[in-house]
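Read-outs throughout are calculated quantities, based only on the coordinates presented, and are distinct from any laboratory measurement. No experiment lies behind these values; they were computed from the predicted model shown. Virtual Cβ from ideal backbone geometry, glycine too; neighbours counted across all protein chains shown.
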Amino acid sequence: MVVTEKKDEITIKGTNQVLSFKQDNTGSVGVLDIEGEMTVANVAELKSMLMQSLTSVDHLVLNLEKVTSVDISLFQVLCSAHRTSVGLKKNLTISGELPEPLKQLVEIAGFERNGGCISNSCNTCLWTDKVI
């Protein structure tokens, strides 16, 4: 694993994944680009990057378009991060189109949502309207 840090940017490159976090000029919005395999073998780095990113911005946007393979551990980490963001009164959203492997797992694992999660008072959910 290789970690590169620049002003307002952190990149972690692993064997089968790349995580890249960038903040906007105001420092209030950040984008976390997630690429490659997001399975139990490597979600620990994602969890660490998510928590670090959430504490440094008010709104964190996840870009999952280049994720190539997933398992249920990705959902566990992202849902945990979402609950953390609600507790911190911050926004966590997903941008763009979900890649096909992720769409399939959202459906198979039962994460399709029309409304928010019952576990938070804001009635929000990362997966609302994410599968067609």
Could you give the nm distance between label points at H59 and I108, where each point is 7 Å from its Cα heading toward the beta carbon? 3.4
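Over the alpha-carbon set of the range 2-108, divide Rg by the Kirkwood Rh and report the Rg/Rh ratio to two decimals.
On the way: Rg = 13.0 Å, Rh = 13.8 Å.
Using Cα coordinates only, the ratio equals 0.94.
Tell me what the chain gives for mean residue ellipticity at 222 nm when only DSSP H runs of n ≥ 4 count, each as -39,500 (n - 2.57), the sum divided by the residue total, rounded to 500 deg cm²/dmol.
Values: 3 runs with 39 residues, N = 132.
Computed mean residue ellipticity for the chain: -9500 deg cm²/dmol.
Please report the antiparallel percentage of the DSSP beta bridges confined to the chain, to the nearest 5. Before the final figure, lay out each step's value.
On the way: 17 of 32 bridges.
Within the chain, antiparallel bridges account for around 55 percent of the total.
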Can you tell me the length gained on complete extension of the stretch D71 to K7, counting 0.36 nm per residue apart and subtracting the Cα distance? 19.8 nm
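Quote the charge dipole size of the range 2-108 about the Cα centre in Debye, to the nearest 20; the model charges only the Cβ of Lys and Arg (+1) and of Asp and Glu (-1). If you can, show how the numbers build up before the last one.
Values: 10 positive and 14 negative charges, 74 e Å.
Charge dipole, the range 2-108, about its Cα centre: 360 debye, nearest 20.
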Using the Kyte-Doolittle scale, which helices in the chain average at least -0.5 and also have C-alpha atoms spread 18 Å or more along the helix axis, with helices defined as whole DSSP H runs? 43-56, 72-87
